[in-house]
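Working notes, beginning with the structure itself.
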Amino acid sequence: MENQEQRVSRNNGNIIKKSDTLLSHIEITVSESEKRNNGALNLRDYYTVYLIETKLIDLNYQHKIAKLATVWRRYTEFEQLRDYLELTYPYIVLPPLPEKRVMFGWQKISNDTFDPNFIDRRRAGLENFLLRIASHPVVNWDRHFIEFLQEEDGWKESLKSNGYLQLMENKLKNLSVAIRLKHPDPQFESYKDYSYKLHTNLNNLLKARCKVAERQYAVHKLHANYGRVFSEWSASEKEMGDNLQKIGHYLDSLASCIDAALEDEELLADQLKEYLFFSNSLQSVCKSREILQLELEDAEENIANKNIERTKVQQGKSGLMSRLFGAVDTDEVRELKMNMLEQQIQEGAVAVNNNKECLRTFSSKAVEDIKRFQTQKNSDLRETLTSYAFLQLKTAKKGLQTWVQIRDCLLNIP
């Protein structure tokens with residue numbers, strides 16, 4: 001019997017563990033999408049909104065969460081939520097949002113962001129994003145996240161009141177600056193290197209999959225030409241006619257079966273894209289740590305410079321320049337400078353200790369979450385790739401079955 005504290009939810013093909021998180025107490029679905037018009041100056045400026053529905057399933061938490069709630073959210077609001085979470089929890093490998101525009105498109109996939117199939121896949125991706133946040137052991141009970149789920153208005157104002165917008169602007173500026181550390185941490189350098197390799201490998205895999213899907217689709221659709229030829233041929237044959245007509249139907253069936261198979265395959269491709277974007281999340285964690293280490297190195301360099309300056313002041317008349325040109329500072333001035341430098345060095349030492357503690361805490365939390373992410377990634381990608389293999393087997397079996405039926409028809413010709 002499944003443990004109550006370790007229930008699971010399946011969405012978008014992946015298993016999301018609930019454990020004792022927000023997802024243990026509520027159900028979250030993104031059930032609908034709706035195309036709306038801004039209505040400004042009669043311009044055709046459209047956007048899509050998504051309906052988030054939450055239902056409390058644990059009445060012990062009704063003082064914290066509304067029993068039932070429905071809110072409409074735009075994709076840009078999901079982006080704002082994720083930006084806030086990234087700012088608040090920089091040591092977490094945050095779940096990514098689904099693609100904003102069509103990526104890795106091919107012949108059968110429309111590039112129109114209002115295409116119903118694309119909108120529905122994005123809806124499923126947004127639901128998956130919310131479920132991952134709600135099941136994360138650290139961020140799941142975040143107040144603004146719960147407000148996002150259950151309050152139509154007000155959550156944006158709450159973010160603004162916390163100075164979130166200014167902090168986010170500063171965060172983006174820091175992340176865009178190239179950082180060169182004096183002493184890079186080997187463990188986090190390996191994480192960063194892995195994130196680049198994961199991104200490259202998944203990017204190449206998705207590109208290759210697009211080419212294969214394109215060829216599969218074209219080859220299967222060409223079999224419809226076979227079907228038409230055999231159906232037309234059957235009309236002019238007496239003894240062979242019935243069997244030729246059956247062959248034509250079988251080939252038409254083979255041509256049409258690829259549509260459903262590739263639609264299922266597209267869902268698996270979305271799961272691979274999620275981890276393509278997850279690699280960016282891992283890079284962001286590494287970059288956030290680099291910023292903290294750079295602040296520490298700057299603070300240490302500041303102390304080193306102040307110590308050098310103090311030494312020069314201490315030398316006083318014994319310094320070479322003083323012996324050549326005479327004393328520059330009086331004893332009183334030198335003592336004043338020494339006191340000022342001592343105070344600055346003490347303040348610098350406090351800053352160094354604070355930076356060290358921040359860096360140590362960040363690193364500890366980040367390593368813990370990266371390990372959690374690696375376990376999750378291995379499980380999800382194993383399931384996704386296995387499902388892809390089963391899907392190919394299913395398609396191949398359908399093709400084999402069709403050709404066996406065609407062979408039997410040919411053998412039955414008198």
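If you stretched the chain out fully between residue 37 and residue 393, how much longer would it get, using 0.36 nm times the residue separation minus the C-alpha to C-alpha distance? Before the final figure, lay out the partial values.
Details: separation 356, 0.36 × 356 = 128.16 nm, distance 4.42 nm.
Additional length available on full extension: 123.7 nm.
Taking the simple approach of a point 7 Å from Cα along Cα-to-Cβ for both residue 100 and residue 196, what is their distance in nm?
2.5 nm
Output the Cα-based Rg and Dmax of the chain in Å, rounding Rg to one decimal and Dmax to a whole number.
According to the Cα coordinates of the chain, Rg and Dmax are 31.3, 123 Å.
Roughly how many nanometres apart are two label points built 7 Å out from the Cα toward the Cβ at residue 407 and residue 87?
Rounded to a tenth, the inter-label distance reads 6.6 nm.
Using 1/(1 + (r/R0)^6) with R0 = 56 angstrom and r between the beta carbons of residue 346 and residue 224, what's the FRET efficiency to the nearest 0.05?
Efficiency computed from Cβ-Cβ geometry: 0.10.
Roughly what would the spin-label model give for residue 256 and residue 302, points 7 Å off Cα along C-beta, in nm?
Roughly 7.3 nm, to one decimal.
I'd like the per residue volume of the convex hull spanned by the Cα atoms of segment 175-282, given in cubic angstrom.
On the way: hull volume 11.0 nm³, N = 108.
In segment 175-282, the Cα convex hull volume per residue is 102 Å³.
Kindly flag which residue pairs out of 287/356; 306/365; 160/197; 67/287; 182/365 have an alpha-carbon separation exceeding 28 Å in this structure. It would help to have the intermediate numbers written out before the result.
On the way: 287/356 17 Å; 306/365 33 Å; 160/197 37 Å; 67/287 40 Å; 182/365 23 Å.
Beyond 28 Å: 306/365; 160/197; 67/287.
Let's test the formula: R0 of 22 Å, r as the Cβ-Cβ distance of residue 311 and residue 356. What FRET efficiency results, to the nearest 0.05?
Working: r = 24 Å, r/R0 = 1.10.
Once rounded, the FRET efficiency stands at 0.35.
So if we plug the beta-carbon distance of residue 158 and residue 45 into 1/(1 + (r/R0)^6) with R0 = 25 Å, what FRET efficiency do we get, rounded to 0.05? Show your work: numbers first, answer last.
Working: r = 28 Å, r/R0 = 1.11.
The pair residue 158/residue 45 has a calculated efficiency of 0.35.
Taking the chain as a Gaussian network, Cα atoms linked when under 10 Å apart, which of 186, 98, 137 shows the biggest mean-square fluctuation?
Largest GNM mean-square fluctuation: 186.
Out of the trypsin sites (Lys or Arg not before Pro) in segment 223-274, which ones are loop residues according to DSSP with at most 14 other C-beta atoms within 10 Å?
On the way: sites: 228, 238, 246, 273; in loops: 238.
The qualifying sites are 238.
Please give the contour-minus-distance gain from residue 337 to residue 295: 0.36 nm per residue of separation, less the Cα-Cα distance, rounded to one decimal in nm.
Net length gain for the segment: 12.5 nm.
Counting helices only, and only those DSSP H runs with n ≥ 4, report the 222 nm mean residue ellipticity of the chain as the sum of -39,500 (n - 2.57) divided by its residues, in deg cm²/dmol to the nearest 500.
-24000 deg cm²/dmol
Taking the number of other C-beta atoms within 10 Å as the exposure measure, put 64, 156 in order starting with the fewest.
Placing the least packed residue first, the sequence is 64, 156.
Could you state the number of Å between the C-alpha centres of segment 179-203 and segment 225-254?
Each part reduced to its Cα centre gives a spacing of 59 Å.
What lysines sit close enough to residue 246 to cross-link, taking a C-alpha to C-alpha distance under 25 Å and skipping anything fewer than 8 places away on the same chain?
221, 238, 394, 397, 398
Indicate the helices, whole DSSP H runs only, in the chain that combine a mean Kyte-Doolittle hydropathy of -1.0 or more with a Cα extent along their long axis of 15 angstrom or more.
75-88, 116-135, 164-176, 186-234, 241-315, 331-411
Values quoted throughout were computed directly from the atomic coordinates according to the rules given, and no laboratory measurement underlies them. Just so it is clear, the structure is predicted and the values come from calculations on it, not from any experiment. With ideal geometry, Cβ positions are generated from the backbone for all residues, glycine too; neighbour counts draw on all protein chains shown.
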